[in-house]
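Q: One structure follows; several queries about it will come next.
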Amino acid sequence: MAAVPCHPENHLPWELLEQTQWLVRIRWWAAAGVLAAVVWAYAAGLVFAAWKFILVLGFVLAYNTWIYQRSRGRPDDRVSTPENWRKLTLRQIGLDAAVLWGLTCLSGGVASPVMFSLLLPVFCAAALLSPRSAYLFCAAILAGLSLTALAEITVGFPHPSILYPVHELDMLPHPLQLAAHLGIFAAVALLAARFAAAVVHTLRRQVDDLGRLRQAEADFGRKLQTLFSIMEGIGSALKLEQVLNTATAEVALVMQVKGSSVKLLTEDGKFLRYAAAFGLPESFVRDQMVEVARSPLNKRIIDGEAFVTGQVTAKEMFQFGEALSAAQIQSVLFMPLHVEGRVMGILGAYCEKPARFSDRDIEFFRLAAGLVAIAIENARAHEAAKTISNERNWFMMKVTHNLRAPLAGMLSILEVVRDGYLGAINDEQSEYLRRLDRRARTMLSMINGLMALARNRERTRVDPNAATKPEVLARRVRRTFQDKATEKRLAFQVNLPENLPPIRGQLETLEQLLENLVSNAIKYTPAEGSVEVKFAKANGTVRIEVSDTGIGIPAADRPRLFTEFFRSENAKSMDEVGTGLGLAIVKEIVDKLGGRTLIESEEGVGTIFVVHLPVAPVAKEAHT
Amino acid sequence: MDNKGLIFVVDDDPDIVATSRIILESNGYEVQTAANGKEAVSLLSRIKPDLVMLDVMMTTDTEGFDLAFKLKEDPEFKDLPIIMLTSFLDKVRAEGPGPFEFILGEAWPVEWLFEKPLDTKKLLARIEAILKAKKET
């Protein structure tokens, strides 16, 4: 909101400056005109006191120079305040009036046609000053002219007419004639003053209205801007505490108040707790709980009614009456925070000025409260979801850890027995122990898969800023799987063209992704088959293709391929350990990296998995 | 069988300790065991093992690592080779000191890291290699 109050006369200095500069110019010309007239009259042989005119001209030139000096430049440089500007304007109009009166006297007094030029100062006063000053000028001029007329009649003040040579018409005017002159002039002058003042007044009011409109529009724009920044501020934060702090700070700023607070209802709805406050004394909010049932005011607000007061005096209305007056709070405004008809708390604004909140402020505050309520709801939902997800992951980690340790012990014992360390065993015993070992290992790899899945979810290990060199990835995959493939008599190849860009994501994550795909390919490809990993560049992505000549995936199973624990029937029938978790992990990683997966498979012929991974941001140092 | 050296097995899982003892003794090693870091430290004042097999998670999640670091900082034991065992290799890889490679770097106070359940053949081969290298220096 504007720090400068809307002042209806703010435009005055500029207007006065402009008019003053115009008057200064007119005076130069008028002076020149008068001089020319005097010279011409003199040359034409008219007998009159020319030196008196020259004297008046000199005076005009003198004060016009002074005004010219003062009116150069900006209004705020020369004469700082509007009051000073009014004074300057008043002075020059006064001087003009005096000069014109003098010229009138010199050119024939009340009978002189110059007399009507005396209307000019009246117009000027009406336009530039106030109606009152126009009437005052009018009165002063009439007084001056009356004085002149009186002097002419009583003491024989000379009234040389410029129209009639003095010596040719040197007669005393009749008092009635003078009175008629004066009367007509007075009537015209007063009507002119009244008319000019009325027109100027109307115009000025319209200008002021326009100014106020513009001001209101600017205020409205600022409020919209603030609502937007509240939204932005609280929308970008997901932590409840952060949302509350941003919201209270922004609200206090928009409302231009000393402080603001958010009180939230406890889950049972019985208490209100100060959740955040801005600009309020520490003691005011620290551990403050309000029992709703014992606070009729809060009860009313929670029931959906806004509350506003401009005079915090009735202490019984407030549970913290002392605290409010200690903080010199005079005006308060409370608004229920509700989302979908459910009230979650109260938004409050506090101001030291009495009667601070207008109806428009209240309406605006209602809007702000709506936004704050949505932001709080949003943050709460986010936090709840996060807690649930964390708890689930923690539970999964714990369970899998606790399952692995005894299984490892079991397998160690089995191995010792099977290898004959504890004495010879017969073939049948050996066969059953082998089966036992296989079942235990299936369980172990299932637990491993679960652990990997849980860990992946626990912390998003996908760092979009990390970069991995494809060569390193390829090297690792080759090293990890070469022996296994050879053991199974499979042809295993990793193809890597030169100059591939780094891939987005950490090495460990990408390795895990590729390990799952390659181990599947090896697992489900019978002996003498082949497994190939091909890297390629494609449209801002790195394309990794893992192809095999294995058992393939039945078309009907493809949609469920990436679900946890899913295994195709033909995969289950193979004598291989599998958990059905590998592809779920692959999907999760690819999704987090913003990549894409494609499958092509034919039962009994083979499978091709294609993963498109985004190229890493350029400036980052690649992972080596 | 001839005595190929003294292996000190530190693990809180009695089954792992028992099976390790059987395997190692059958392959000509002498075996001493401890169930946790504290016991291991007190035993180390009396015995002079040639190699330590150390579990990562015992009383605490990082007890094995803590002990390994302590031994490497101790001038008396800094040359004592350590083979670390864990059921949670990927967890250790993710949370251990620095990225884990098959050849362990400076940050790792151990000579080798094995995942449980142990591959007996690889373990025996590794122990032999480490002890041989140690003898040569």
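Q: Could you rank A:ARG214, A:ARG476, A:ARG366 by how accessible they are, 1.4 Å probe, largest area first?
A: A:ARG214, A:ARG366, A:ARG476
Q: Which whole-number percentage describes the relative contact order of the range A:237-380, with Cα contacts under 8 Å and a sequence gap of 6 or more?
A: Relative contact order of the range A:237-380: 25 percent.
Q: Label-point separation (nm) for A:ARG366 and A:THR202, each offset 7 Å from Cα along Cα-to-Cβ?
A: Simple spin-label model gives 3.9 nm for this pair.
Q: Let me test this: with uniform point scatterers at the alpha carbons of the range A:237-380, what is the Debye-based log₁₀ I(q)/I(0) at q = 0.19 1/Å?
A: Each listed q corresponds, in turn, to -1.15.
Q: Would you calculate the separation in nanometres between label points at B:THR62 and A:ALA43, each defined as 7 Å from the Cα along the Cα-to-beta-carbon direction?
A: Here the answer is 11.1 nm between the modelled labels.
Q: So, one more: Rank these by accessible area, largest first, 1.4 Å probe: A:ILE553, A:ILE413.
A: Final ranking, largest accessible area leading: A:ILE413, A:ILE553.
Q: Measuring from label point to label point, each 7 Å out along Cα→Cβ, what is the B:SER26 to A:LEU253 span in nm?
A: Each label point lies 7 Å from its Cα, and together they span 7.4 nm.
Q: Near the amide H of A:GLN506, under 5 Å away, which other amide H atoms are found, from residues 5 or more places off or on another chain, if H is placed in the peptide plane?
A: The answer is A:ASP463.
Q: Please average, across the residues of A:505-511, the number of beta carbons from any other chain that are within 10 Å of each residue's own beta carbon, and give a whole number.
A: What the average comes to for A:505-511 is 1.
Q: Something else about it: With a Förster radius of 60 Å, plug the Cβ-Cβ distance of A:ALA491 and A:GLN225 into 1/(1 + (r/R0)^6) and report the FRET value to the nearest 0.05.
A: The value I calculate is 0.35.
Q: Please compute the average number of Cβ atoms from other chains found within 10 Å of each residue's Cβ in peptide B:15-27.
A: 4
Q: Another question about this same structure. Search the structure for amide H atoms under 5 Å from the amide H of B:PHE114, placed 1.01 Å from N in the peptide plane, and list their residues when 5 or more places away or on another chain.
A: Distant-sequence amide H within range of B:PHE114: B:MET84, B:LEU85, B:THR86.
Q: Could you tell me what percent of the accessible area of the range A:237-380 is made up of carbon and sulfur, with a 1.4 Å probe and every protein chain present?
A: So the carbon and sulfur contribution to the accessible surface is 50 percent.
Q: Which pairs break 30 Å Cα to Cα here: A:LYS488/B:LYS116; B:LYS72/B:LYS121; A:LYS484/A:LYS537; A:LYS469/A:LYS592; B:LYS78/B:LYS116; A:LYS469/B:LYS134?
A: Long pairs (Cα-Cα over 30 Å): A:LYS469/B:LYS134.
Q: Kindly write out, for the range A:364-378 in residue order, the coupling ³J(HN,Hα) from the Karplus curve 6.51 cos²θ - 1.76 cosθ + 1.60 (θ = phi - 60°), rounded to whole Hz, with x marking Gly and Pro.
A: Ordered by residue, 3J(HN,Hα) equals 5, 5, 5, 4, 4, 4, x, 5, 4, 4, 5, 4, 5, 4, 4 Hz.
Q: Right, something else. Roughly how many Å² of A:PHE116 are accessible to a 1.4 Å probe, to the nearest 10?
A: 100
Q: In angstroms, what radius of gyration and Dmax does the range B:32-85 have, counting Cα atoms only?
A: Final numbers for Rg and Dmax: 10.1, 26 Å.
Q: How long is the gain from A:TRP51 to A:ALA384 if the chain were fully straight, where each residue apart is worth 0.36 nm and the alpha carbon distance is subtracted?
A: Gain on stretching A:TRP51 to A:ALA384: 110.0 nm.
Q: So, one more: What total accessible surface area, summed over both chains, is buried at the interface between chains B and A, computed with a 1.4 Å probe and given in Å² to the nearest 100?
A: Buried area between the two chains comes out at roughly 1900 Å².
Q: Here's a follow-up. So how exposed is A:LYS52, as accessible area in Å² (1.4 Å probe, rounded to 10)?
A: 80
Q: Roughly how crowded by other chains is peptide A:440-447, in terms of the mean Cβ count from those chains within 10 Å of each of its Cβ atoms?
A: If you average over the peptide's residues, the count of other-chain Cβ atoms is 1.
Q: For a Förster distance of 51 Å, can you work out the FRET efficiency between the beta-carbons of B:ASP119 and A:LEU238, rounded to the nearest 0.05?
A: Computed FRET efficiency for B:ASP119 and A:LEU238 comes out at 0.65.
Q: How large is ³J(HN,Hα), in whole Hz, for each residue of the range A:132-143 in order, when computed from phi with the Karplus curve 6.51 cos²θ - 1.76 cosθ + 1.60 and θ = phi - 60°, using x for Gly and Pro?
A: Ordered by residue, 3J(HN,Hα) equals 4, 5, 4, 5, 5, 4, 4, 5, 5, 5, 4, 4 Hz.
Q: At 1.4 Å probe size, put A:VAL114, A:VAL39 in order of accessible surface, largest to smallest.
A: The residues order as A:VAL39, A:VAL114, largest area first.
Q: Run the reach check for A:LYS353 against lysines, Cα to Cα strictly under 30 Å, same-chain hits fewer than 8 apart removed. What comes back?
A: In chain and number order, the partners are A:LYS223, A:LYS258, A:LYS263, A:LYS299, A:LYS315.
Q: Can you tell me how much longer the chain between A:ARG560 and A:LEU422 gets when fully stretched, taken as 0.36 nm per residue apart minus their C-alpha distance, in nm with one decimal?
A: This chain segment gains 45.1 nm when fully extended.
Q: Give a quick list of GluC sites (Glu not before Pro) in the range A:239-277 that DSSP marks as loop, anything other than H, G, I, E or B, with at most 11 other Cβ atoms within 10 Å.
A: Here the GluC sites (Glu not before Pro) that fit, given the DSSP loop and packing criteria, are A:GLU267.
Q: Right, next: Please work out, to two decimal places, the log10 of the ratio I(q)/I(0) at q = 0.09 Å⁻¹ from a Debye calculation in which every Cα of the range A:12-213 carries one identical scatterer.
A: Debye intensities relative to I(0), on a log10 scale: -0.40.
Q: Report the full-extension gain for the segment A:GLU602 to A:TRP22: residue separation times 0.36 nm, less the Cα-Cα distance, to one decimal in nm.
A: Between A:GLU602 and A:TRP22, full extension yields 199.3 nm more.
Q: Amide H neighbours of A:LYS537 under 5 Å, counting only residues 5+ apart in sequence or on other chains, H built in-plane at 1.01 Å?
A: Counting only residues 5 or more places away or on other chains, the set is A:ARG543.
The values are calculated or read from the model by the stated rules, or taken from the named source; none is laboratory data. Worth saying up front: this structure is predicted, and the values here are computed from it rather than measured. Every residue, glycine among them, receives a Cβ derived from its backbone with ideal geometry; neighbour counts consider all protein chains shown. SASA here: full protein model, heavy atoms, side chains in, ligands and nucleic acids out. Shrake-Rupley method; radii C 1.70, N 1.55, O 1.52, S 1.80 Å.
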